[in-house]
Amino acid sequence: MKKIIEDLKWRYATKKYDPSKKLSEEQVATIKESLRLTPTAYGLQALKFLMIETPEIREEIKGIAFGQAQVVDASHLIVICSHTHIDEPYIDAYAQRVARHRNTPEDKLIQFSEFLKKNLLHLEQEKVEPWNDHQAYIALGQLLHTCASMRVDATPMEGFDAAKLDELLQLKEKGLKSVLLCPVGFRSEEDAYQHLAKVRKSTEEAFETI
């Protein structure tokens, strides 16, 4: 338990990365598996994680992200995307995935699938997108903690033009939209922010027992 707190105290939103330091294949694989295992509503995983490796694309994204250098200097750049809609084929595919992994009896599977369709397919589009977007923030939290546990730096970013990024990456055609950016890598020794004290409310201020 002590390590969990140490990890959380160690991490900060890194402002300056060391471009010469790269994540190992094992670290990248761990990050991917952590994101794959992210909890989501109903387990639907209405998310997509883009690993942006092409330097030219990252340079374009830097401009879209208002010149934030972390986008190009970090070892890896992750774009967390959400699905813009959930339709019947998506739910059917998920139900079949459940069946494969859990050997669910057919009658139970049909009940589960019908339950999801009843609760989700009637939702208006303006409700579906924000609902899916919220799942991206769950994934971000898991990503940040996973990185901290490996002593890998990460910077959560909302500061970018989502419409321009979606156009650049042709996300609309894929039924996706960008929600968050998260560069991951290793802090530069020149990043003064790493030496600042972490400022948070006290436990007494943050919690209330009712």
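Quick note: the coordinates plus some simple rules give every number you see, no bench work behind them. Fair warning: this is a prediction, and the values are worked out from it, not measured in the lab. Cβ coordinates were reconstructed from backbone atoms using ideal geometry, including for glycine residues, and neighbour counts include every protein chain displayed.
Annotation for GLN96 and HIS195: the two label points, set 7 Å from Cα along the Cα-Cβ direction, are 5.8 nm apart. Shown in residue order for the stretch 124-131 are the 3J(HN,Hα) couplings computed by the Karplus curve 6.51 cos²θ - 1.76 cosθ + 1.60 at θ = phi - 60°: 5, 4, 5, 9, 5, 4, x, 4 Hz (x for Gly and Pro). Each label point was placed 7 Å from the Cα along the Cα-to-Cβ direction; for LYS22 and LEU123 their separation is 3.9 nm. By the count of neighbouring beta-carbon atoms within 10 Å, fewest first, THR203, THR30 end up ordered THR203, THR30.
Using Cβ point charges alone (K and R +1, D and E -1), the dipole size of the chain about the Cα centre works out to roughly 620 debye.
Going from the fewest other Cβ atoms within 10 Å to the most, the residues TYR193, TYR94, TYR137 appear in the order TYR193, TYR137, TYR94. Along the chain, the longest continuous region that contains none of the GluC sites (Glu not before Pro) in a DSSP loop with at most 12 other C-beta atoms within 10 Å is 54-123.
Amide hydrogen proximity for SER188: with H placed 1.01 Å from N in the peptide plane, the residues at 5 or more positions away or on another chain lying under 5 Å are LYS16, TYR17, ASP18. Going by alpha carbons, how many degrees (0 to 90, nearest 10) lie between the helix axis of 55-64 and the longest principal axis of the chain? Approximately 90 degrees, to the nearest 10.
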